[in-house]
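Notes follow the structure.
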Amino acid sequence: MSTAQKKAVAKVNLAAAARLGAPPMGAPESLMKDHGLLNRILLVYKNLLERYQKSPDEPLHSDELSVAANLMLRYIHGYHEEMEEKFIFLRLKREHLLTPLIDVLWRQHWGGKTLTLRLVAATAAARRHEVGAQRVQRDMAAFVRMYEPHEAREDTVVFPAWRDLVSDREFDVVREKMDAVQERVLGERGFAGALSEISAVERSLGIFRLAQYTPNVPGINKPVPTPQHPGS
Ligand SMILES: [Fe+2]
Ligand SMILES: [Fe+2]
């Protein structure tokens, strides 16, 4: 989709939102959507860890890990965390709000990027059979352990505090700036492109089909409710 087409679609979405009385997505919602993508990368790491724990001698799934780790580098460290630091963390720090928590989260961005760069390098080296899986497993496990509580704290404490702090005008301006950066850093496909990349990895590992995670408990197959009237 060209930039002009994308802008036209965005205009239509804004118009539809206005008709429905709904505001367009704000910065915290957009960052929380990114956390959904982050979670899907973490699920890939967890699946790879399970495989190695079951079969320690299994060859490294370097193609899947490479896509996941490069996505983490490009989208999460290269865009999402830059936006958090620039627009959310610094704004809260300027008001002396949540400073100790922000400092921990900021250091975790640095730690996360270091681990990701090691994973990216390991997948490149693994193709040349130069890297043992032990270090890769340790780095993936450390990443998952850090980022699950990290993003949960941002969703439940940091983003709500930022929303309480800023005016409606600043709220809108930050989202517009984030959109502009996203297009510059990630290209036109942005979030949609990232989503299709992680979906392909999930399919390759056999973890894409959501229904496989539903437990077989009594009553699970009863009919799902459907609305009787439009809008009900
Ligand atoms: Fe973060
Ligand atoms: Fe985040």
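Please treat every number below as a calculation from the coordinates, not as lab data. Bear in mind that the values here come from a model prediction, so they are computed numbers and not experimental data. Ideal geometry is used to build each Cβ from the backbone, glycine not excepted, and the neighbour counts take in all protein chains shown.
Just want the ordering: GLU84, GLU176, from fewest to most Cβ atoms lying within 10 Å of their own Cβ.
Neighbour counts put them in this order, fewest first: GLU176, GLU84.
I'd like the FRET efficiency for LYS33 and ALA125, computed as 1/(1 + (r/R0)^6) with the beta carbon distance as r and R0 of 30 Å, rounded to 0.05.
My answer for the efficiency is 0.35.
Would you mind working out the magnitude of the charge dipole of the range 25-207 relative to its Cα centre, with +1 at each Lys and Arg C-beta and -1 at each Asp and Glu C-beta, to the nearest 20 Debye? List each step's numbers first, then the result.
Numbers: 26 positive and 29 negative charges, 107 e Å.
The dipole magnitude comes to about 520 debye.
Which one of ALA141, LEU71, HIS61 has its Cα pushed farthest toward the positive end of the charge dipole of the chain, where Lys and Arg give +1 and Asp and Glu give -1 at the Cβ?
HIS61
Is the C-alpha gyration tensor of the chain telling us rounded, prolate or oblate? Criteria: a/c under 1.5 is rounded; beyond that, a/b larger than b/c is prolate, otherwise oblate. Could the numbers behind the result be given before it?
Details: a/c = 1.69, a/b = 1.26, b/c = 1.34.
In terms of gyration-tensor shape, oblate.
When only C-alpha pairs under 8 Å and at least 6 residues apart count, what is the relative contact order of the range 25-207, in percent?
It comes to 40 percent, rounded to a whole number.
Divide by every residue of the chain the summed helix terms, -39500 (n - 2.57) for each DSSP H run of at least 4, and state the resulting mean residue ellipticity at 222 nm, rounded to the nearest 500 deg cm²/dmol.
Using -39500 (n - 2.57) per qualifying helix, the result is -22000 deg cm²/dmol.
Pick out which of ASP34, ASP139, ASP103 has the largest mean-square fluctuation in a Gaussian network model of the chain, springs linking Cα atoms closer than 10 Å.
ASP103
Can you tell me how much longer the chain between THR226 and SER196 gets when fully stretched, taken as 0.36 nm per residue apart minus their C-alpha distance, in nm with one decimal?
Taking 0.36 nm per residue and subtracting the Cα distance, the gain is 7.9 nm.
So, R0 is 41 Å and r is the distance between the beta-carbons of THR99 and TYR213; what FRET efficiency does that work out to, to 0.05?
The pair THR99/TYR213 has a calculated efficiency of 0.60.
Within the range 22-120, how many lysine pairs that are 8 or more places apart, or on different chains, have C-alpha atoms less than 21 Å apart?
Lysine pair count for the range 22-120: 6.
In the neighborhood of GLU154, defined by Cβ-to-Cβ distances under 15 Å, what is the net charge if each Lys or Arg adds +1 and each Asp or Glu adds -1?
-4
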